Amino acid sequence: MTKMTNKKNTLTDFMSLSAKAQFAFDRGEDKKTTKYLRKAMALGSKHGYFNFQMWRPDVMVPLCMKAMAEGIEVDYVRELIRKRNIFPENPPMDINNWPWPLKIYTLGRLSLFKDGKLIQFSRKVPQKPIALLKALIALGAKDASRVASGAVSESKIRDVLWPDAEGDASYNTLTTNLNRLRQVIGIEKAILFQKGRIELNPRYCWVDIWSFERLLDQAYSTKRDGDKKKHVQLLEKAVEMYHGDFLDGEEEEFWTISPSERLRNKFIRCLSKLGSYREENRQFEKAIDYYNKGIEVYDLAEELYQRLIICYYRIGCNADVVGVYKRLEKVLSAASGITPSQKTKQIFKRLLYK
């Protein structure tokens, strides 16, 4: 009897703490929300609370999202999300540890994970369904920077993948490869095709570039709000996601060039801002790390070389100042037969020959 009473008491405590967390969340009291949420989820994890009376999606869904964002009892919350089939109306694209049924990585070589396990493509898998997936992501990427995902018109997909096919033949080829792609993924609801438009379903899919751009949007919002610390944290989180250019290592198509350049430019600007922040705080070694990281991805980013030269000078590494300048000379000469800009030359001469 005592054990049963204690179990009821802990469940009551769990529900009470969850309610307190929700009240604090609604009032915008972040510290209190996190405090109550940690206690509630710790109880839920310890006692395995997955199915209980008075389950309220309007309460538990935002709390699960908050818990995942804060890294609170992640394993338990993931299981709770799976067992209760939680699919938020506004998917948390910036929370990459949310248990998405399908996760797609494109920053670097393409890779897909279904329920946390890598999907291995056999040699028998036709290439056109995979090309269709790439096209959906690439052509929808511009819209995805503002919304959860980007729907693409079927006519545009047909034009870029099967430009020589016409009419019914083109449409039939599209639907055949769409069905094959669904089979490869193994999640029927992962792809929506309605009203002449196709898109990856954001309630079932997470794509790294969606998350990357959403984080940058949030970072710039926090800067406008004057929260510099949060601004820097979000930029750092975005940088951690960038493991290479969009579909790097995959066969290049003309329709991947624009999103690839846009994403790379955002990454370079992000590193430049983080480097500037570190310079302002006289953390020159950390700034150097950011600038070098950017050059590894795009070795023609001359503004990063300029900042590197200044940072190495600030810490008294004149040999590295020369080394960076010589490296830039070599890269520019090999790429387009030009020399560093007048601005770079002036920085180099002013620092070493003043």
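Scanning segment 176-202 for residues that are on the phi < 0 side of the Ramachandran plot and part of a loop (DSSP other than H, G, I, E, B) returns 187, 201, 202.
The number of residues in segment 72-89 that are over 21 Å from residue 189 (Cα atoms), outside any helix (DSSP H, G or I) and not hydrophobic (A, V, I, L, M, F, W, C) comes to 1.
Checking 69, 135 one by one, the residue that is in a helix (DSSP H, G or I) and either among the polar types (S, T, N, Q) or buried (at least 18 other Cβ atoms within 10 Å of the Cβ) (or both) is 135 and no other.
Each row is one residue, and each column tells you yes or no for (1) in contact (Cβ under 8 Å) with a residue 24 or more places away in the chain; (2) among the β-branched types (Val, Ile, Thr).
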residue: 88; (1), (2): yes, no
residue: 95; (1), (2): yes, yes
residue: 108; (1), (2): yes, no
residue: 111; (1), (2): no, no
residue: 137; (1), (2): yes, yes
residue: 150; (1), (2): yes, no
residue: 155; (1), (2): yes, no
residue: 182; (1), (2): no, no
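What single numbered condition from (1) surrounded by 14 or more Cβ atoms within 10 Å (Cβ to Cβ); (2) out of contact with any strand residue (DSSP E or B) (no Cβ under 8 Å at 6 or more places or on another chain); (3) closer than 26 Å to residue 120 by Cβ fails to hold for residue 183? Of the numbered conditions (1) surrounded by 14 or more Cβ atoms within 10 Å (Cβ to Cβ); (2) out of contact with any strand residue (DSSP E or B) (no Cβ under 8 Å at 6 or more places or on another chain); (3) closer than 26 Å to residue 120 by Cβ, the odd one out for residue 183 is (1).
Within segment 9-60, the set of residues being in a helix (DSSP H, G or I), out of contact with any helix residue (DSSP H, G or I) (no Cβ under 8 Å at 6 or more places or on another chain), surrounded by 10 or more Cβ atoms within 10 Å (Cβ to Cβ) and at pLDDT below 85 comprises 9, 57.
Can you tell me which residue within segment 90-122, out of those that are more than 14 Å from residue 186 (Cα to Cα) and among the hydrophobic types (A, V, I, L, M, F, W, C), is farthest from the chain's Cα centre (by Cα)?
Quick first cut of segment 90-122, residues more than 14 Å from residue 186 (Cα to Cα) only: 90-99, 105-111, 122.
Checking which are among the hydrophobic types (A, V, I, L, M, F, W, C) leaves us with 93, 95, 98, 107, 110.
Values: 93: 7, 95: 8, 98: 12, 107: 9, 110: 14 Å.
That would be 110.
Does residue 135 fit the bill of being over 16 Å from the mean Cα position of the chain (by Cα), hydrophobic (A, V, I, L, M, F, W, C), farther than 20 Å from residue 241 by Cβ and assigned by TED's automatic domain parsing to the domain that holds residue 187? Considered against the rule, which asks whether it is over 16 Å from the mean Cα position of the chain (by Cα), hydrophobic (A, V, I, L, M, F, W, C), farther than 20 Å from residue 241 by Cβ and assigned by TED's automatic domain parsing to the domain that holds residue 187, residue 135 comes out as yes.
Residues that are acidic (Asp, Glu) and not in a helix (DSSP H, G or I) were ranked within segment 203-230; the one that is surrounded by the fewest Cβ atoms within 10 Å (Cβ to Cβ) is 225.
Considering segment 227-273 alone, what residues qualify as being of a type in the set (A, V, I, L, M) and under 13 Å from the mean Cα position of the chain (by Cα)? Show your work before the answer.
First pass over segment 227-273, keeping only residues of a type in the set (A, V, I, L, M): 232, 234-235, 238-239, 241, 247, 257, 263, 268, 271.
Across segment 227-273, the qualifying residues are 234, 235, 238, 239, 241, 263.
Can you pull out every residue in segment 81-114 that is polar (S, T, N, Q) and more than 24 Å from residue 257 (Cβ to Cβ)? Of everything in segment 81-114, those that are polar (S, T, N, Q) and more than 24 Å from residue 257 (Cβ to Cβ) turn out to be 85, 90, 96, 97. Between 271, 332, the distinction of being touching a Phe, Trp or Tyr at 6+ places or on another chain (Cβ under 6 Å) and either of a type outside the set (Lys, Arg) or farther than 30 Å from residue 233 by Cα (or both) belongs to 271 only. Residues in segment 296-354 that are more than 20 Å from residue 269 (Cα to Cα) and either touching a residue at least 40 places away in the same chain (Cβ under 8 Å) or basic (Lys, Arg) (or both): 314, 326, 327, 330, 345, 347, 349, 350, 351, 354.
The values are calculated or read from the model by the stated rules, or taken from the named source; none is laboratory data. Not measured: the values here are computed from a predicted model. Please note: Cβ atoms are built from the backbone with ideal geometry, for glycine as well, and neighbour counts cover all protein chains shown.
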